[in-house]
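Colleague: Please see the structure below; I have some questions.
The values are calculated or read from the model by the stated rules, or taken from the named source; none is laboratory data. As the structure is a prediction and not an experimental result, all values here were calculated from the model. Note that each Cβ is placed from the backbone with ideal geometry, even for glycine, and that neighbours are counted across all protein chains shown.
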């Protein structure tokens, strides 16, 4: 198979033809974000890796790439965290359980979890970057004996923008998880840590050769997180990045996500940092 040749992913019959899937649950997380549980016909598993995405469509409205937020260990359904940012996502936010949407995918590279076995996993999530990394986190938790430490660093603009409240509380109380949380600017009700996400990194006690870092967040975050990880002397080959932006068609045809010859929708969105280092426009 050539570099950009595709086969139909699990859960679909055709690369270009959406499967009509049912919304089975909707949860409001913030004023802008909702978590949707989706069930494919017959309860077929999506067959994804952590870090992959699907194309979500409403006929007559449009289509957009959306990160998969649940682990492959969740059977019979999968989760999508969707931010209301335009006509399509606004229409999806109006939908209720029992209604149907089009799904193509999964697409993209995702995290190869075989490379993470036996390693400490450091998750660094900024803002909505926690949505795709939640899939990775839950995969590690559901296969806990296969991995070393799980360290989660999560930063958000404010406490009113924080996602997955119930799960955050569970991570704080779970002895198998080392959870660190900060917000750029807290509301008067906020009693937690204040500061950008990079302020969490210097204090981490890491087994550097055995730690794999997984980073996802807004574009400006990557440069400063990379600087902080390099200051910790984390080897570059231990860093993975998810570039959650630019994608459109999902199959490398429109060229919308191309960065210096690399198609984010196929080569990414998960990149091994040494492989993407030369793509400076992406960072």
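Colleague: For the range 72-100, name all the residues that are buried (at least 23 other Cβ atoms within 10 Å of the Cβ) and touching a helix residue (DSSP H, G or I) at 6+ places or on another chain (Cβ under 6 Å).
Modeller: 81, 82
Condition check ((1) more than 30 Å from residue 23 (Cβ to Cβ); (2) touching a residue at least 60 places away in the same chain (Cβ under 8 Å); (3) not assigned by TED's automatic domain parsing to the domain that holds residue 273) across all residues:
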site: 122; (1), (2), (3): yes, yes, no
site: 133; (1), (2), (3): no, yes, no
site: 139; (1), (2), (3): no, yes, no
site: 164; (1), (2), (3): no, yes, no
site: 167; (1), (2), (3): no, no, no
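Colleague: Taking residue 281 and the conditions (1) modelled with pLDDT under 95; (2) buried (at least 17 other Cβ atoms within 10 Å of the Cβ); (3) over 16 Å from residue 153 (Cα atoms), which numbered condition does it fall short on, given that it satisfies the others?
Modeller: Residue 281 satisfies every listed condition except (2).
Colleague: While we're on this one: In the set 123, 140, 131, which member is in contact with a helix residue (DSSP H, G or I) (Cβ under 7 Å, 6 or more places away or on another chain) and outside any loop (DSSP other than H, G, I, E, B)?
Modeller: 123
Colleague: Taking the condition assigned by TED's automatic domain parsing to the domain that holds residue 101, in contact (Cβ under 8 Å) with a residue 24 or more places away in the chain, under 16 Å from residue 90 (Cβ atoms) and assigned to a loop (DSSP other than H, G, I, E, B), does residue 30 pass?
Modeller: Criteria met by residue 30.
Colleague: Identify, please: which residue in the range 155-197 is in contact with a helix residue (DSSP H, G or I) (Cβ under 6 Å, 6 or more places away or on another chain) and closer than 19 Å to residue 34 by Cβ and is, among those, surrounded by the most Cβ atoms within 10 Å (Cβ to Cβ)?
Modeller: Checking each candidate, the answer is 156.
Colleague: Here is a follow-up. When you scan the range 101-120, how many residues do you find that are part of a helix (DSSP H, G or I) and in contact with a helix residue (DSSP H, G or I) (Cβ under 7 Å, 6 or more places away or on another chain)?
Modeller: Residues in the range 101-120 being part of a helix (DSSP H, G or I) and in contact with a helix residue (DSSP H, G or I) (Cβ under 7 Å, 6 or more places away or on another chain): 1 in total.
Colleague: Then there's this: Just to be sure before I move on: is residue 208 touching a residue at least 40 places away in the same chain (Cβ under 8 Å) and under 29 Å from residue 275 (Cβ atoms) in the structure I sent?
Modeller: no
Colleague: Take the residues in the range 45-62 that are in contact (Cβ under 8 Å) with a residue 40 or more places away in the chain and in a strand (DSSP E or B); name whichever of them is nearest to the chain's Cα centre (by Cα).
Modeller: Per the criteria, the residue is 53.
Colleague: Let me ask another. Hey, can you tell me all the residues within the range 217-240 that are surrounded by 18 or more Cβ atoms within 10 Å (Cβ to Cβ) and at pLDDT 95 or above?
Modeller: Residues satisfying the conditions are 225, 226, 228, 229, 234, 238, 239, 240.
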